[in-house]
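Worksheet: the structure to be examined is printed underneath.
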Amino acid sequence: MKLSDLLQFDNIIVQCHDNPDADALASGFGVYEYLRLNGKSPRLVYGGRNIIHKSNLVLMVDSLGIPIEHVDFLDNPQLLVTVDCQYGGGNVTFFSHSANLLRCRGNAEFG
């Protein structure tokens, strides 16, 4: 699948793993920005019990204007793209939904 294939969906959520680190934030923000620059209104989210609090990550989010949201639940998106994680891996909150699920693995591969 190509990134351009994501543009067929309207209600898109990009989900990072719980307690996101710099690479999860950067990966999620990259996908988010691609979608936004192509006319979509995605959401960038993460779950888990902890909000982002490490000073370097707070600085990253603030300096780059990363619109990340900590969520406890998700509405039913048309498409959920997970970045830097996969359901069942133990580092990501599974939100029950019936969305199409795509996992970003490295250099914009999807499957």
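Just so it is clear, none of the values below were taken in a lab; they were calculated from the coordinates. Since the structure is predicted, the reported quantities are computational estimates derived from the model, not experimental observations. Because the Cβ atoms are built from the backbone with ideal geometry, glycine has one as well, and the counts that use them run over all protein chains shown.
Expressed to the nearest 5 percent, the antiparallel share of DSSP beta bridges inside the chain is 10 percent. Computed from backbone phi with θ = phi - 60° and the Karplus coefficients 6.51, -1.76 and 1.60, the 3J(HN,Hα) list for segment 61-78 is 4, 5, 5, 8, x, 6, x, 7, 10, 8, 10, 9, 8, 10, 5, 7, x, 5 Hz; x is used for glycine and proline. This structure gives Cα extents along the principal axes in Å, computed directly, and of (1) 133, 36, 32; (2) 42, 36, 33; (3) 37, 28, 24 that value is listed as (3). Around the amide H of residue 14, modelled in the peptide plane, lie the amide H atoms of 43, 44, 45, 81, all under 5 Å away and 5 or more residues distant in sequence or on another chain.
Can you tell me which of 7-19, 72-84, 32-44 comes out highest on packing, and rank the rest after it, using the mean Cβ neighbours within 10 Å?
Order by mean packing, descending: 7-19, 72-84, 32-44.
Note on the chain: with charges restricted to the Cβ of Lys and Arg (+1) and Asp and Glu (-1), its dipole about the Cα centre is near 100 debye.
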